[in-house]
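The values are calculated or read from the model by the stated rules, or taken from the named source; none is laboratory data. This one's a predicted model, so the numbers in the text were calculated from it and none came from an experiment. Ideal geometry is used to build each Cβ from the backbone, glycine not excepted, and the neighbour counts take in all protein chains shown. What goes into the accessible areas is simple: the full protein's heavy atoms, side chains included, and nothing from ligands, DNA or RNA. Shrake-Rupley method; radii C 1.70, N 1.55, O 1.52, S 1.80 Å.
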Amino acid sequence: MFRSLIVLAEIALLITVLQTPFAQYLFKDIQDTVSDWLVTLSELPEKRALTSIRNDATHQLSSLRPFQQDYLYEITESRTSLSHFHLQYCKGKEINPFINGQNLYQFCSVIQKSTLLDVPS
């Protein structure tokens with residue numbers, strides 16, 4: 001009987017402690033941290049593919065000027081910007097003010113060789 005009262009008191013104390021604002025804040029902070037880790041893990045393959053595209057393009061287009069290299073880096077920051085560039089300048093044949101001619105053709109071929117655009121966003 002005495003043990004069951006102690007167990008009930010411990011359960012009541014635990015429930016009371018878990019409902020405090022500090023405990024709620026702590027659990028929310030833990031949830032946010034774990035959630036950020038999972039998001040980072042899920043984006044890792046995409047970041048690796050973008051880095052691979054950037055490295056291949058930098059290697060093939062070594063004659064680019066610094067502002068063109070910066071532009072190339074901006075394009076390869078995310079799948080969205082890369083996809084937009086590919087649709088507008090590789091498939092859409094729009095005129096790009098930063099990369100044009102043979103450099104544009106080579107960069108488009110690097111993009112098309114990658115499997116990043118094949119995966120749905």
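With the dipole of the chain worked out from charges on the C-beta (+1 for Lys and Arg, -1 for Asp and Glu) around the Cα centre, which of Thr16, Trp37, Gln112 lies farthest toward the positive end? It is Gln112, whose Cα lies furthest towards the positive end.
Here is how the number arises for the chain: DSSP H runs of 4 or more residues each give -39500 (n - 2.57), the sum is divided by the residue count, and the result at 222 nm is -24000 deg cm²/dmol. For segment 1-112, with all protein chains present and a 1.4 Å probe, just round the carbon and sulfur fraction of the accessible area to a whole percent. Carbon and sulfur together cover 62 percent of it.
What you get for segment 1-74, charging only the Cβ of Lys and Arg (+1) and of Asp and Glu (-1), is a dipole of about 140 debye around the Cα centre. For segment 25-121, the set of GluC sites (Glu not before Pro) satisfying both a DSSP loop assignment and a count of at most 15 other C-beta atoms within 10 Å is given as Glu77, Glu94. 3J(HN,Hα) along segment 100-108, derived from phi through the Karplus expression 6.51 cos²θ - 1.76 cosθ + 1.60 where θ = phi - 60°, amounts to 8, x, 5, 4, 5, 4, 5, 5, 5 Hz, with x in place of Gly and Pro.
So, for the chain, what is the accessible surface per residue at a probe of 1.4 Å, expressed in square angstrom?
76
Keeping all protein chains in position, work out how much accessible area Asp70 exposes to a 1.4 Å probe, and write it in Å² to the nearest 10. The accessible area comes out at roughly 90 Å².
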